[in-house]
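The values are calculated or read from the model by the stated rules, or taken from the named source; none is laboratory data. Computed from a predicted model, the values in this text were never measured in an experiment. Ideal geometry is used to build each Cβ from the backbone, glycine not excepted, and the neighbour counts take in all protein chains shown. Note: areas computed on protein heavy atoms with side chains; ligands, DNA, RNA excluded. Shrake-Rupley method; radii C 1.70, N 1.55, O 1.52, S 1.80 Å.
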Amino acid sequence: MHDLFTEVWESVRRNKLRTCLTGFAVAWGIFMIIVLLGAGNGLMGAFNQGGDSFASNTMMMGGGMTTKPYKGLKEGRRVRLSMSDMDLLEKEPFKQYVDQVTTNYSQGGYTLTYGKLYLNNVSLNGTFPGYADMNRIVMLAGRFVNEKDIQEKRKVIVLSHLTAKNFLKGSTDYARLLGEKVKVGSFVFKVVGIRQGEENRDDRDLYVPYSTIKTIYGLDNHIDEMTFTFHGLNTEEANEAFEKELKAAVNTAHDAAPDDASATWVWNRFTQNLQMEKGSKILHTALWIIGLFTLLGGIVGVSNIMLITVKERTHEFGIRKAIGAKPWSIMKLIVAESVTITAFFGYIGMVLGMLTCTIMDKTLGQSSTEVFGQSVRLLVNPTVGLDVALEATLVLIIAGTIAGMAPARKAAKIRPIEALRAE
Amino acid sequence: MQIELNNVHKTYEGAQPLHVLKGVNLSIEKGEFVSIMGASGSGKSTLLNILGILDNYDEGEYYVDGHLIKNLSERAAARYRNKTIGFVFQSFNLISFKTAVENVELPLFYQGVGRKRRHEMAMEYLDRLGLKDWAGHYPNEMSGGQKQRVAIARALITHPQIILADEPTGALDSKTSVEVMDLLGQLNREEKVTIIVVTHESGVANCTNRIIHIKDGIIGEIEENREHKASVFGTETIMK
């Protein structure tokens, strides 16, 4: 190995300028691959923004409008889900897949009062314990609504930390608020938890048990939607089958045709993720292909320069063969030189590419645009991981070998007698 | 019989095919010091290339130590060139970007000898040829005679049974030529190496013990030259 690299170094040293010029093309190719992939990752990160605030195996179901007459009822009838539909999920055949079922009642325009402090126009959410997991609610103090709250219709409330900060006059000792009484409209609730609110939308939503809100405000059995987590549905097909079956069951319960696609709707976070992943993979592949084609230019350059090297060194290879070099030893020299040039300059390109990605992260990645009142970042973490660096290394070694192969074969085929004549 | 050629033919293909060797029959014993003499175009270099397995032949047989050398694979040919045969060329054929000692080491490198061991051996051979102080010099820093001695060291380092020298004095002045021929003669006597010298200079041929004349691709007269009196000009020195 040492001898091989000494030889390679000697050869490269003799042709510094031309090696550097050729190497530049390779460095450029790898640079493009890294920067493209980094930007692609950033773009996908931006698409997925906020996506991680939901559990991925969640489905949401709501009512729609019938489009088919059924059981003597005309089409165009509105379907509203009810509490009994939630029970449906806890029976066969859905029971084996469904984990937690929740619904949410949301109503805005309430006034929240704490002592002399008050907050206008907040939304009140009637919720279930499972909601916290599904929506990745992070508790900063106390707890979320639990099963007992639901059963006993307790008047307990969970506040956003933004609200809590107001009430504590800027302090973040949220625990101090636990057990305190607050008023929503004219009803008194006991604070049991402080959750992390979303800063970028000044999230001050209140959470109380669904059963409590139902009693207080005299809601009927209708619900807007039901959300549930599930397991054991790992493919798109399984999810589709499940959705179809569920819709049929709910439709039937509401006297709508089982195959009426519009009577109810299902939004599946899991399949959406799958599709997102598929899209992400396609983008990733496309970027790789573009990058590889850019790299191809560099590879052709290396191959070309190696051919020139072989031509220049014909006489030398003739001497080597005359004193006993096997074809393989000559091939090794050329391939090793080709791989060395490709790998060395490729690494320079890779480092520069990663540096560019980091700069991109520090500048573009931090800037955000206002879209519908929400700040959206253009690029989120536009960098590449170690896996891409390893893949790129592999690509470089393979590319270097391919680039060196044809010239190396040419060199190995040199007949000593002809090489010795060439002077 | 160390080297035996039976009816060897060689034609260079081309627009005008050139029949260079027209049935060469030749035997050379182990430990001989012979020269192959002929005018340019007589086929002597072609013959040497075939002897050195640098080139193929079309017809006939060539045996080294009883092994038929015909249509060898590149690997097998490389092995013979590495272990059995040592070459000395007219233009020295040293690798210009390697120092003298690195050039001498090279055949051992292709035998897979370790770095330290082959450096030691190369230094030993350079020392024997009086070039110890020149070990770190590049070929372009040395005189013709020095270069040829480096080349001889390179040919000797693998202990070959046969040394093939193609016009070894062709690029040297007469004084150096005598030195190189003396060196080859000494190697032949002391190491019992078979040495075959190709030359067109009668003075050079006169240094050898047997002179094989080649003319128009056929072996002509073979002179025994134990007395080294074959050449009128060769008795005292090598005429240039």
Exercise for the section: Pick out which of B:197, B:104, B:178 has the largest mean-square fluctuation in a Gaussian network model of chain B, springs linking Cα atoms closer than 10 Å. Expected result: B:178
Completion exercise
PRE zone check, label point 7 Å out along Cα-to-Cβ of residue A:173, amide N under 16 Å, scope the stretch A:120-157, hits A:141-142
Practice task
Hey, for a label at residue B:12 modelled as a point 7 Å past Cα toward Cβ, could you say which residues of the stretch B:199-222 have their backbone N under 15 Å away?
Solution key: B:216-217
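Suppose we keep just the DSSP beta bridges with both residues in the protein assembly as shown; what percent of those would be antiparallel, to 5?
Numbers: 59 of 86 bridges.
That works out to approximately 70 percent antiparallel.
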Handout entry: Length-normalised contact order of the stretch B:3-238 in % [C-alpha pairs under 8 Å, at least 6 apart]
Key = 27 percent
Problem - Gyration tensor (alpha-carbon) shape descriptor, the stretch B:3-238, a/c threshold 1.5 - result: oblate
Practice task
Return the sequence-ordered ³J(HN,Hα) values of the stretch A:177-186 in whole Hz as given by the Karplus equation 6.51 cos²θ - 1.76 cosθ + 1.60 applied to θ = phi - 60°, using x for Gly and Pro.
Solution key: 7, 4, x, 6, 9, 10, 10, 10, x, 10
Problem - Extension gain, residue A:190 back to residue A:259 (0.36 nm per residue minus Cα-Cα distance, nm) - result: 20.2 nm
Completion exercise
Expected integer from the mean partner chain Cβ neighbour count at 10 Å over B:147-160 is 1
Problem - Calculated FRET efficiency for the pair residue A:4/residue B:224, C-beta based, R₀ 41 Å, to 0.05 - result: 0.25
Completion exercise
Spelling it out for residue B:219: with amide H atoms placed in the peptide plane at 1.01 Å from N, the residues 5 or more places away or on another chain with amide H under 5 Å from its amide H are B:25
Exercise for the section: Provide the per-residue ³J(HN,Hα) series for the stretch B:205-221, in order, calculated from phi with Karplus coefficients 6.51, -1.76, 1.60 and θ = phi - 60°, each as a whole number of Hz, with x at glycine and proline positions. Expected result: 4, 5, 6, 8, 8, 8, 10, 9, 8, 10, 9, 6, x, 10, 5, x, 6
Practice task
Helix by helix through chain A, keep the DSSP H runs that span 27 Å or more along the axis on Cα and average at least 0.5 on Kyte-Doolittle, and give those back in order.
Solution key: A:16-47, A:269-312, A:327-362, A:386-413
Problem - Straight-distance crosslink candidates among aspartates and glutamates, where the alpha carbon sits under 20 Å from residue A:165 and sequence neighbours closer than 8 are dropped - result: A:173, A:180, A:198, A:199, A:202, A:203, A:205
Fill in the blank from the handout: For the table A:116/A:181; A:413/B:10; A:326/B:192; A:116/A:169; A:321/B:10, the rows whose alpha-carbon distance is greater than 23 Å are A:326/B:192
Practice task
Starting from the Cα gyration tensor of the stretch B:6-94, take the square roots of the eigenvalues, sort them a ≥ b ≥ c, and report rounded, prolate or oblate (rounded when a/c is under 1.5, otherwise prolate if a/b is larger than b/c, else oblate).
Solution key: rounded
Exercise for the section: Assuming R0 = 56 Å, can you tell me the calculated FRET efficiency for the pair residue A:328 and residue A:96, based on Cβ-Cβ distance, to the nearest 0.05? Expected result: 0.35
Exercise for the section: Name all residues of the stretch A:198-239 having a backbone nitrogen under 19 Å from the label point set 7 Å from the Cα of residue A:107 along its Cα→Cβ direction, giving them as ranges. Expected result: A:204-226
Completion exercise
Sorted list, accessible surface of protein heavy atoms, 1.4 Å probe, largest first, for A:265, A:328 is A:328, A:265
Problem - Considering only chain B, percent of DSSP beta bridges that pair antiparallel, nearest 5 - result: 55 percent
Handout entry: Spacing of the two label points (7 Å from each Cα toward its C-beta) at residue A:275 and residue A:358, in nm
Key = 3.9 nm
Fill in the blank from the handout: Extension length gain for residue A:120 and residue A:386 (0.36 nm per residue less Cα distance), in nm, is 90.8 nm
Fill in the blank from the handout: Everything considered on the Cα gyration tensor (a ≥ b ≥ c; rounded for a/c under 1.5, else prolate if a/b is larger than b/c, else oblate), the stretch A:211-253 must be described as oblate
Practice task
Pull out the extension gain between residue A:267 and residue A:413, defined as 0.36 nm times the separation in residues minus the alpha carbon to alpha carbon distance; nm, one decimal.
Solution key: 46.0 nm
Problem - For the stretch A:85-91, Karplus couplings with θ = phi - 60° (6.51, -1.76, 1.60), whole Hz, Gly/Pro x - result: 5, 5, 5, 3, 5, 8, 10
